[in-house]
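The values are calculated or read from the model by the stated rules, or taken from the named source; none is laboratory data. Values in this document were obtained by computation on a predicted structure and should not be read as measured data. FYI the Cβ positions are ideal-geometry reconstructions off the backbone, even for glycines, and counts take in every protein chain you see. Calculation scope for accessible area: heavy atoms of the full protein, side chains included, ligands and nucleic acids excluded. Shrake-Rupley method; radii C 1.70, N 1.55, O 1.52, S 1.80 Å.
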Amino acid sequence: MRAARSGTKDGLEKTKIAVMRRVSFLHKKEHSDDTEDDTGYLDVMVSEAKHPPAQLGPMPEGLSSQQIVRRHILSSIVQSERSYLDSLKRILQEYQRPLMEAEPRILSVRKIRPIFFRLREIMQCHSMFQIALASRVAEWDSCEKIGDLFVASFSKSMVLDVYSDYVNNFTNAMALIKKACMSKPAFLEFLKVRKQASSADRITLYGLMVKPIQRFPQFILLLQDMLKNTPTGHVDRLPLQLALTELETLAEKLNEQKRVADQVTETQQLARCVSDRSLSKLLNSEQSSLILCETLIETVYGERGQVLKSKERKVFLFGDMLICANINVKGPPDISSLVPVGPKYTLKWSAPLQQVHVVEVGQEGAQTKDTLYQLGGVKRPGSSSRLGNGSIILGPPRLYQELQELHHDLSVVEQVTLLVGTLQGTYQNLNTTVAQDWCLALQRLIRIKEDQIQSANKCRLRLQVPGRPDKSGRPVSFTVVFNTPSPVSKISWVNRFHLAKIALRDENTPGWFSAEDDGKTKAPFWCPLLACRMPVFTSKAQEWKAALHNPVQCALLGFSAASTSFPQGYLWVAGGGDSTQGQVDIFSLNRSTPRPVKSLQMGARVRCLEYVPEPTPSENAETGPHNSTGVGNTICVGLDDGCILVYGSMDTAAQCLVTLRNPEGCPVLCLKHSGNFLFAGLWDGTLMVYERHPGGTSLITLDVSLYLTVGSDPIRTLLALEGLVWASCANTVTVLDGFSLSTQRFEVHKDPLVSVAHMVRAGGGVWMAFSEGSSIRLFHTETLEHLQEINISTPSSFYNPSQKSVRVTSLLICQGLLWVGTAQGIIITLPVPKLEGIPKITGKGMMSLNAHCGPVDFLVALSSTLSPDLLKRDSVVEGHDSGCGVDDRSDSSSQESLQQASISGQVDGKGKGRGVLLQYRLRSTSGLPGRPLTVRAEEASDSSLESLEHSMEDGSIYELSDDPDMWVRGRSCEREGVRRDRVSSVAVISGGKGFRRLREGSVATTAESTLMIWQLPLTV
């Protein structure tokens, strides 16, 4: 409107549009010099008399339970929106207006404007939404549709613009309020009075102003509940999914802008406190990228492990350095209660990231001989206890020393046991049985001590930091011990340290670029990082056909190893050089690089692989959770000769259990497992269905339960949804209902010569790639409607403009990214939503600068969740050594309490009834007479450690053999209840011929088949 009054063409056009639409609630705003710059926005003032708030009418009779729940959710949406608008009005009417009208001025207009920047425009957007919401609520019982209203209201660019401006300005607004509170006593008194007189909620100005940042996550939760209670086929289901997509995209963009704004503010605050000009200049440069910052507790321990001193530090992890700062006084309490007051920092130390190392208890001996190692976490390092190998014990130091002593004693007792076995006579209390009991008792003590050490590691972050060289010029390192708020925080720090160092490698600087950003490379850490690459086959005739991840759950990993390693398990890769021979190679992922551990020779070329997990008790109630005849997880291999080989998982030695054959010997092109069925797509267009055996030693019956002809063309790919299976045949897809066995066919491409080559599902959509062309298409899983089409040759055209067409050879959706592998060896990622909405591509695509020389044969996602035991904050040791304590006090009796806790933990352990996973090797006891230790809780154990009776043995030990790539599988322990995993580890593996770097003129490093592994940050 201001532009219209000024006579600009843009403003006149907007005014004409408003008049033509006959918007009756437009009011003329009084012209004032104090008016905000609202160019481009219509000042809409909603009259509640003409447009009353939404009001849901009385509930009609005869509604179903889902309809009743949907009405309640709609009522929550109405109430939530009304409360949100009231909060916005309170900000403008109770804070902005009094400040603008105050005489004399409390704050100048120049300071008031940025504090309340874009709040009026946000209120206008939601006032318009409330009008439309009231209209939709009034007719709810006749239409029951609301998803399209969210799409229409929040997909406009204006909404993103005003919210982006507000989010980007939020930190600056809080800083202005804080500065005004400290310099203007009248403003501080004004805020106190408003807080007292506001209402019963006594909400502060900060509490009101943070609501716009929280608004869209609240909308998403409400719409998720609405979608869960909307049945398939409902008119509102697709609009709700599209609404979730729009809101998630909007929330992701705002979150990213908020993250960047907060990082810039933190970095600037730190730079102002740094006296070193070169460091301050580096922090203020564009190259500075803050990855993680958190307030941690630096702890100093005594010689016996007691806490001597602890103090808060602010630790900053940048892309190339680590900074530790002291936290100064945060400000007066009366100000802190009204608005968050950011602290001031004093630089304590900084170090290059490549020279900082995470050190766990017991790993201190790995330091180089040329480095002088000073202990910063323990008082008086000169008098600290040292182990025989010269390594220094970190706090709590006595735990590790006691563990070493127990190992020494066990070694001695083992020798005594062997000597006792050579006695010729028979003596009371001096026989093999008694000596074996001694070994068992010591092993139990070792187990408890290792649990205590692991518990101490869960919340303690130990860093080896480079210091100044000594007088002789040798490098000096010191150790800093930080207590993290939780085990999840410790995991996050260790993982970010690991990935930040990977991001500094040459292949990741840069690793990705976006053609839509004029070829600008992306910040390394916020893209998938190439962690390693390795050539696999030397034979040029070898051709890869399929790959899968065989996950293995194991608690043998150390705490930090679980934070930095790949998702544990094995990678099965199928290939074949000719039509008569096939091969499956198995790689262990339990090291920093994949390592081949087994090769399976096949009688025919391998076409496909499928991982079939062990049935849960709910799926197979007859066998029970611990059926001794079950075979666990299996891998199915489809061959060119029509056979399907069923192998046991790698943790059960990967033996062939069953061979399935189809009568015609037709090649098996694809396999898919769903529930109790295995679906096989054949070359002649036949879909064969095998049913899981309800009991016995075989996973699958030899009899085919269903023989369905889908078409005359080959079935190239299968996709399993909830109770449905999609089978592609030529340019059509057939949907098979697993319950009614009914089928539905729909066409996905107009050209009958083009066939569907790949299908992946995310949320409520399925992306498809074809045998020809460079386009991929999105279809709705329920209505089968074509929703979107993307030409993936656009991102790669920046690298090779003369290349007109790109063929898709592999497809994968992982962690909000759609990975596309091409025949040219180039890998492209496109952002997609992660929630239950429609996975439409709304962001900018990226192309990896690390590529294969030939087609990308496969893309496989690796994922695993960290054991809940790793995330438990409770430990065997309570008190000062619990791993999370921050009390600044000394207790000389801490060791006595540790010993008492050790004994009481064994006595009380019987009542908990949970199994224990051994975390040490049993090679030293393998030659002893009698049975080894059990992983089962001691059932007969009315005894504590003083009782040396034998306990029953089940012989199912999770044992780590000499080769850490091979794990022996035992029976998993029963656990109380089901815990929800919170931390997930994710990686992506691509396979193809050779490796090359793009845009550098480099030649392919190898022509062999190569694996490339991208690691993604842990999701917490």
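For region 55-126, the list of GluC sites (Glu not before Pro) that fall in a loop by DSSP and count at most 11 other C-beta atoms within 10 angstrom reads GLU61.
Using a ≥ b ≥ c from the Cα gyration tensor of region 97-203 (square roots of the eigenvalues), is it rounded, prolate or oblate, where a/c under 1.5 gives rounded and otherwise the larger of a/b and b/c decides, a/b for prolate?
The shape class here is prolate.
Under 1.5 on a/c is rounded, so check that first for region 134-180, then, if it is not, pick prolate when a/b is larger than b/c and oblate when it is not; a ≥ b ≥ c are the square roots of the alpha carbon gyration tensor eigenvalues. Prolate, because a/c is 1.5 or more and a/b exceeds b/c. So which of LYS348/LYS458; LYS309/LYS490; LYS89/LYS192; LYS281/LYS471; LYS490/LYS840; LYS111/LYS258 end up more than 27 Å apart by C-alpha? Result: LYS281/LYS471; LYS490/LYS840 exceed 27 Å.
Could you tell me which of rounded, prolate or oblate describes region 457-520, using a ≥ b ≥ c as the square roots of the eigenvalues of the alpha-carbon gyration tensor, with rounded for a/c under 1.5 and, failing that, prolate when a/b is larger than b/c and oblate otherwise? It would help to have the intermediate numbers written out before the result.
On the way: a/c = 4.36, a/b = 1.44, b/c = 3.02.
It comes out oblate by the Cα gyration axes.
Can you give me the accessible area per residue for region 120-188, using a 1.4 Å probe, in Å²?
Working: 2700 Å² over 69 residues.
Ligands and nucleic acids excluded, the figure is 39 Å² per residue.
Going by Cα centres, region 204-282 and region 639-659 are how many Å apart? Using only Cα atoms to place each centre, the spacing works out to 47 Å. When a 1.4 Å probe is rolled over the protein heavy atoms, the share of accessible surface on region 132-254 that falls to carbon and sulfur comes to 54 percent.
Kindly state, to the nearest 0.05, the FRET efficiency for ILE203 paired with ALA441, given R0 = 60 Å and r defined as their beta-carbon distance.
Details: r = 60 Å, r/R0 = 1.01.
Computed FRET efficiency for ILE203 and ALA441 comes out at 0.50.
Would you mind checking the pairs LYS211/LYS314; LYS156/LYS178; LYS156/LYS750; LYS178/LYS311 and listing those with alpha carbons more than 31 angstrom apart? Where the Cα-Cα span goes over 31 Å, the pairs concerned are LYS156/LYS178; LYS156/LYS750. Where in region 829-867 does the amide nitrogen come within less than 11 Å of the point 7 Å from the Cα of GLU256, taken along Cα to Cβ? Answer for region 829-867: 831-832, 842-846.
Take every pair of alpha-carbon atoms less than 8 Å apart whose residues are at least six positions apart; their mean separation over the length of region 246-327 yields a relative contact order of 19 percent.
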